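One structure is given here, and the rest of the page talks about it.
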Amino acid sequence: MPRLLLAALLAAFASGTAYAQTRELASGGELLDRVAAIVNDGVVLKSEVDEQVKLISARLRQQGLELPPANVLRQQVLERLVTQEVQMQRASRAGLKVTDEMVNNALQDVARRNGIALTQLPAALASQGIDYTSYRDDLRKEITLSMLRQRDVVARIMISPREIDQYLEREKNSPSESTSYNLSHILIAVPQAATPEQVAEAEKRAEDVHRRALAGEDFASLAVAYSNSQTALEGGSLGWRKGTELPTVLADAVVQLKAGEVSNVIRTPSGFHLVRVNEIRSSDGPAMVQQVHARHILIKTNELQDDATVRQRLAAVRERILKGEDFAGLASTMSEDPGSAAEGGDLGWTNPGTFVPEFEAQLAALKEGEISEPFQTQFGWHIVQLLGRREVDNSAEMKRQRAFVALRESKAEEETELWLRRLRDEAYVEYRM
């Protein structure tokens, strides 16, 4: 089994969330499980804490990190499970549902990244001591949490054109988008309505962790032991971030650091932060992309037309075009795409990733002038004609797109921490271990 698969599976499994469960009794009355914490109207079970401690310990050892004291690791794991349970309860109240198809697509992606077929995944998991059903359930919960964050945090972040302009202007005197940083991070959180004493205590703890990091203690181990961030049990790793995508609260400090250096303590509304730059890399050059020019005809199914009927209609339309009828004329009268029908189905020149994967795959397989067979996407049934391909320097547009994403993500980092802290502070939690 490739080590990459082990790491990926353990990481995904370790970050899984816990649904509320009830205690079970054997026929003889023996207690099979205990409650580790009551969270509002749900619970976190001792068995869930034990399993996560086991998996995270294995992952940290595989990464060569020193484990914190057992009681510290156990408390970190319990707090993560409590926070995740609070989020799952909120997702349930919001009516968020993850379909089997979404889970299957995520499993397919895991299998593809690790070079195995989806049918081989259960056996691969079993070889690592991981139950496929449990893994699937945890993956469903991870997708749910991602959807909840998108709904409650990311979707509410507004970025104006003026902010993008200002960002690009500032960028001239800051790290370029061609510079990337591999970062690790520690957060010593401050409660939402913290007293001066609590703030002072958090700052003292942050300064102590800072001194220990400067003295040479392993930053990842310190993160596991002391960080309140959601990345704590990953050694505080934030991964690779482009200079233009650095979290706002960390950007000024990061650009002053060399590889291997640790920032001073940074104060924000969510608490006190430390950041370490692990590596720096640069890559210059224009952003060349291959654009495609295409036009299509879209017909949707309805009560009177099922998939087979619509597919047959489009096949007949394709034959008419091949025999000489005007594609644009037919598109303007038949296509149900309001955005392109008036233009004869013309979609203009577009960048990679503009269309859904099924549409992109059809375009990739066509030669210039060729018309596809009817195919289906989430929007309906299509035929598409490739009119041309060209390679262009898309640097200016990509800079604005990256600026938008960077601004949104930099705001989302801090907003997510505040949102999680608010959810946690508002929850009723009673520890039983």
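Values in this text are rule-based calculations from the coordinates and carry no lab data. Worth saying up front: this structure is predicted, and the values here are computed from it rather than measured. Neighbour counts run over all protein chains shown; Cβ positions are idealised from the backbone, glycine included.
In what order do Ser227, Ser335, Ser410 fall by count of nearby beta-carbon atoms within 10 Å, going from fewest to most? Mind showing how you got there, number by number?
Working: Ser227 27, Ser335 24, Ser410 21.
The order, fewest Cβ neighbours first, is Ser410, Ser335, Ser227.
Aspartates and glutamates near Lys411 by alpha-carbon distance under 15 Å, same-chain residues fewer than 8 away left out - which ones?
List returned: Asp152, Glu163, Glu245, Asp252.
What's the center-to-center distance, using Cα atoms, between segment 282-334 and segment 355-419 in Å?
16
Return one number: the angle in degrees, 0 to 90 and rounded to the nearest 10, between the long axis of the Cα atoms of helix 132-152 and the longest principal axis of the Cα atoms of the chain.
Orientation of helix 132-152: about 80 degrees from the principal axis.
May I ask for the distance between the Cα centers of segment 69-101 and segment 106-156, given as a whole number of Å?
With segment 69-101 and segment 106-156 each reduced to a Cα centre, they are spaced 15 Å.
Just tell me which lysines come within less than 18 Å, Cα to Cα, of Lys141; anything on the same chain fewer than 8 places away is out.
Here the lysines satisfying the reach criterion relative to Lys141 are Lys97.
Could you work out the local net charge near Arg212, counting Lys and Arg as +1, Asp and Glu as -1, over the other residues with Cβ closer than 12 Å to its Cβ?
Working: positive: Arg205, Arg211; negative: Glu207, Asp208, Glu217, Asp218.
Taking every other residue near Arg212 into account, the sum is -2.
What angle, in degrees between 0 and 90 and rounded to the nearest 10, separates the Cα long axis of helix 3-14 from the longest principal axis of the Cα atoms of the chain?
With rounding to tens, the tilt is 70 degrees.
What is the projected area of the convex hull of the Cα atoms of the chain, averaged over all directions, in nm²?
26.9
If we count other beta carbons within 10 Å of each Cβ, what is the order of Asp393, Asp33, fewest first?
Least to most surrounded, the residues fall as Asp393, Asp33.
Can you list the aspartates and glutamates whose alpha carbon is less than 12 Å from that of Lys300, not counting same-chain residues fewer than 8 positions off?
Glu336, Asp337
Pick out, from Ala316, Phe359, Thr377, the residue whose Cα sits farthest towards the positive end of the charge dipole of segment 288-393, with +1 on the Cβ of Lys and Arg and -1 on the Cβ of Asp and Glu.
Selected residue: Ala316.
With each label point set 7 Å from Cα along the Cα-Cβ vector, what nm distance links Gln150 and Ala365?
2.6
Among Lys141, Lys300, rank each residue by its count of other Cβ atoms within 10 Å, from fewest to most, as a rough exposure measure. The partial results should precede the final answer.
Details: Lys141 20, Lys300 11.
Ordered from fewest to most neighbouring Cβ atoms within 10 Å, Lys141, Lys300 come out as Lys300, Lys141.
Among rounded, prolate and oblate, which fits segment 67-120 when a ≥ b ≥ c are the square roots of the eigenvalues of its C-alpha gyration tensor, a/c under 1.5 means rounded, and a/b larger than b/c means prolate?
oblate
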